Amino acid sequence: MKGIIANEKRKMSDEQVIKFLKQAEIAHVATVDNKGYPYVIPLIYFYDGIDKIYIHTGNLRKSHFVENIKENPKVSIEVCEMGDIHPGKKYACQSALVYRSVVVFGQIKKIDEDAKKEWFFDRLLEKYGNPEWNFEKGYPALPKIDLFEIQIEKMTGKLNEGFRH
């Protein structure tokens, strides 16, 4: 059942999924704790365009997220973008929401190498930053962050373009 899109009309092509995942801004990362409760947090991310997503968290205190992935490295990630609402012809329940969303399933692991952390932050600045920003070289806060790599096992995309009239 994992990753099944019931309405084939809404299914995004692989190319659309990759393009959207590269440019979307926030990933909602889901884990499960040792009592079976789901836990979801919004994070900025970098997608390598092939089969890996990178995220980071601060490591200054105990973390529900980190405790969960120590127990179970399986994660699900949802990335979405909401568009307009097209009003129904007669009833509100016939209205249509314009949206795009991608759901990813995979395994997460912690990356400890400083070189990979620097690479990650360079990618974040390319994606989210302003090209006019000018910083001193280096990342002195690297010891304060945990970097994670998600190996994508399956990803699906779904879209609704609303009413086409």
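Observations
- Residue within region 157-165 that is part of a loop (DSSP other than H, G, I, E, B), within 21 Å of Glu113 (Cβ to Cβ) and without any contact (Cβ under 8 Å) to a residue 12 or more places away in the chain present: no
- Pairs, first part of a loop (DSSP other than H, G, I, E, B) in region 76-93, second surrounded by 10 or more Cβ atoms within 10 Å (Cβ to Cβ), C-beta under 8 Å, six or more apart: Pro87/Ser95; Gly88/Gln94; Gly88/Ser95; Gly88/Ala96
- Hits in region 136-159 - residues which are surrounded by fewer than 13 Cβ atoms within 10 Å (Cβ to Cβ) and within 23 Å of Tyr99 (Cβ to Cβ): Lys154
- For region 75-112, a tally of residues being modelled with pLDDT of 90 or more, over 22 Å from Gly49 (Cβ atoms) and either crowded, with 16+ Cβ neighbours inside 10 Å or β-branched (Val, Ile, Thr) (or both) returns 0.
- Qualifying residue in region 51-60 (condition: over 16 Å from the mean Cα position of the chain (by Cα), at negative phi and open to solvent by 70 Å² or more (accessible area, probe 1.4 Å)): yes
- For region 127-144, filtering for residues that are closer than 21 Å to Phe20 by Cα and assigned to a helix (DSSP H, G or I) leaves 2.
- Single condition Lys117 does not satisfy, out of (1) crowded, with 16+ Cβ neighbours inside 10 Å; (2) at pLDDT below 90; (3) outside any strand (DSSP E or B): (2)
The values are calculated or read from the model by the stated rules, or taken from the named source; none is laboratory data. No experiment lies behind these values; they were computed from the predicted model shown. Every residue, glycine as well, gets a Cβ built from its backbone with ideal geometry; the counts of neighbours run over all protein chains shown. Note: accessible area is taken over every heavy atom of the protein model, side chains too, but ligands, DNA and RNA are not part of it. Shrake-Rupley method; radii C 1.70, N 1.55, O 1.52, S 1.80 Å.
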